[in-house]
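Chemist: Submitted below is the structure of interest, expressed as structure tokens.
The values are calculated or read from the model by the stated rules, or taken from the named source; none is laboratory data. Keep in mind that what you see is a predicted model, and the values were worked out from it rather than measured. Don't worry about glycine lacking a Cβ; one is built from the backbone with ideal geometry, like all the others, and counts go over all protein chains shown.
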Amino acid sequence: MAHATMNFPSDFLWGTATSAYQVEGNNTNSDWWPWEAAEGSILEDQRSGRACDWWENAEADLDLAAGLGTNAHRLSLEWSRIEPEPSVFNEAALDRYRQILQAMHDRGIEPMVTLHHFSNPLWLVEKGDFSSDVVVDYFKRYASRVATALGDLVPKWITINEPMVYIFLRYLSADFPPPQRRGTSAARQALPNLLRCHAAAYHAIKEVSPAAMVGVAKNMAVFEPRREGHLLDRWWSTEVSWAFNDWWMLAMQDGRLRWPIRRGRIKHLANTFDFVGINYYTRYYMRFLHGLEREWPAGAVISDGDYGELYPAGLFRVIKHVMRYQKPILITENGLPDKADKLRSAFLLTHLREVWRAVNFNWPVMGYYHWTLTDNFEWDRGWTQRFGLYSLDPETQERRLRRSGQLYQEICQTGSLSSTMAEQFAPSVMRQLFPG
């Protein structure tokens, strides 16, 4: 067949994404740190430890990111480092974050900064964390202090990472470190407070940097009925999709709370997002009145640890879905655990083809941030799942560029997908991408 190329716009952002607790190491003031070491921890003998050693040597990995040809990176700030005690801000920590952000600019990498990515100061947990109304003032002050100290270096902000995932895993399951109160009642209090925190942070950032773009990183998934012809399964998958994908977004759009959490309005919440950040990983199958099922259909390609089905068409579907909000769109996370690197090259090509399709509809998809640059500490799964373009040995800190990382390097450096790339890195998807 003839050589074919899918070109992206010249100003498209090619990036990677990380979170502070997963890469910095030794975040001893975070609620995750004692939870890792607790007797009976689901992590068993795994610890984050030095993680990827970013606190001491982030610049080395930024060199790797620059070498890939990326021009953007999403990182988070560790609240427990910046405010180790209530109302006590660590200026040395803010200075270190400033060094890291400046190092990104020096390498031609645009920062996107997340304020809250699953990790809390220990003192906040003692005060009731997000199920307590006190959190809103604390979060507003934290956001204001950070924006004042770092805002001149940050054109894009994310206030909260994956709020619906966070509420579920922290308050309704046993996967994340526990708050003082768990259960449905605590979750129904925490979710509106997360929205209040988002709104407070949005306005705090805008006061300092009016031109900055502020949003959230919203996990979006595709929900399908387990039994295609079953009306109740179809209805249930639609209801779950609305609750997971739309409830938070609609609240940010018009400031209203909706069933099943509660009704009412939140002051200053309406229109508090300048872009839609999509974290996309997989699709789920729903059976009436049941939760997520991990029983995959015959022939499905599944990533390590039963993490999820590879369903690239779902990325196009969620992009189309969020077009209703009439905002710029950024793919703020997309990746898979694949230690042997057997699937990632095909994953990159097929998912980015869906992004390219959206771009060619003139939909405002402005960038793509792959999760993640190097293997890191994967929350409740510890070191068992490897998402990196670079492999990482947590003991020696040695990095090795995976073959899929070589592919992403070619994509970033050329701003394109090509049939040559598919032939070289993932011939199994050649016909799918370039039929004829």
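Chemist: Within region 340-349, is even one residue part of a helix (DSSP H, G or I) and in contact with a strand residue (DSSP E or B) (Cβ under 8 Å, 6 or more places away or on another chain)?
Modeler: Of the residues in region 340-349, the ones part of a helix (DSSP H, G or I) are 344-349.
Still in the running and in contact with a strand residue (DSSP E or B) (Cβ under 8 Å, 6 or more places away or on another chain): 348-349.
Taking every residue of region 340-349 in turn, at least one turns out to be part of a helix (DSSP H, G or I) and in contact with a strand residue (DSSP E or B) (Cβ under 8 Å, 6 or more places away or on another chain).
Chemist: Filter region 409-435 down to the residues that are part of a helix (DSSP H, G or I) and in contact with a strand residue (DSSP E or B) (Cβ under 7 Å, 6 or more places away or on another chain), then identify the one that is farthest from L343 (Cα to Cα).
Modeler: Per the stated criteria, the residue is C412.
Chemist: If only one of G40, G67 is in contact (Cβ under 8 Å) with a residue 40 or more places away in the chain and small (G, A, S), which one is it?
Modeler: Criteria check complete, one pass: G67.
Chemist: A further question on this structure: Across region 55-64, what is the total count of residues that are touching a residue at least 40 places away in the same chain (Cβ under 8 Å) and either buried (at least 18 other Cβ atoms within 10 Å of the Cβ) or within 13 Å of E398 (Cα to Cα) (or both)?
Modeler: First, pick out the residues of region 55-64 that are touching a residue at least 40 places away in the same chain (Cβ under 8 Å): 55, 58-59, 61-64.
Narrowing the set further to residues that are either buried (at least 18 other Cβ atoms within 10 Å of the Cβ) or within 13 Å of E398 (Cα to Cα) (or both) leaves 55, 58, 61-62, 64.
Of the residues in region 55-64, 5 are touching a residue at least 40 places away in the same chain (Cβ under 8 Å) and either buried (at least 18 other Cβ atoms within 10 Å of the Cβ) or within 13 Å of E398 (Cα to Cα) (or both).
Chemist: Quick check on my filter: what residues within region 253-282 are out of contact with any helix residue (DSSP H, G or I) (no Cβ under 7 Å at 6 or more places or on another chain), under 30 Å from L352 (Cβ atoms) and not hydroxyl-bearing (S, T, Y)?
Modeler: Across region 253-282, the qualifying residues are D274, F275, G277, N279.
Chemist: Another question, if that's okay. So which of Y325, Y369 is closer than 23 Å to M220 by Cβ, crowded, with 24+ Cβ neighbours inside 10 Å and of a type in the set (F, W, Y)?
Modeler: Y369 is the lone residue from the list that is closer than 23 Å to M220 by Cβ, crowded, with 24+ Cβ neighbours inside 10 Å and of a type in the set (F, W, Y).
Chemist: Within region 375-400, how many residues are free of Cβ contacts under 8 Å to residues at least 40 places away in the same chain and either over 19 Å from D304 (Cα atoms) or of a type in the set (A, V, I, L, M) (or both)?
Modeler: Qualifying residue count for the region: 4.
Chemist: Scan region 267-280 for residues that are buried (at least 20 other Cβ atoms within 10 Å of the Cβ) and more than 30 Å from T372 (Cα to Cα) and report the count.
Modeler: The total comes to 1.
Chemist: If we scan region 295-303, do we find a residue that is farther than 21 Å from W356 by Cβ, acidic (D, E) and modelled with pLDDT under 95?
Modeler: Looking for residues that are farther than 21 Å from W356 by Cβ, acidic (D, E) and modelled with pLDDT under 95, one finds at least one in region 295-303, hence yes.
Chemist: Out of A217, A186, which single residue is small (G, A, S), over 20 Å from the mean Cα position of the chain (by Cα) and under 29 Å from G308 (Cα atoms)?
Modeler: A186
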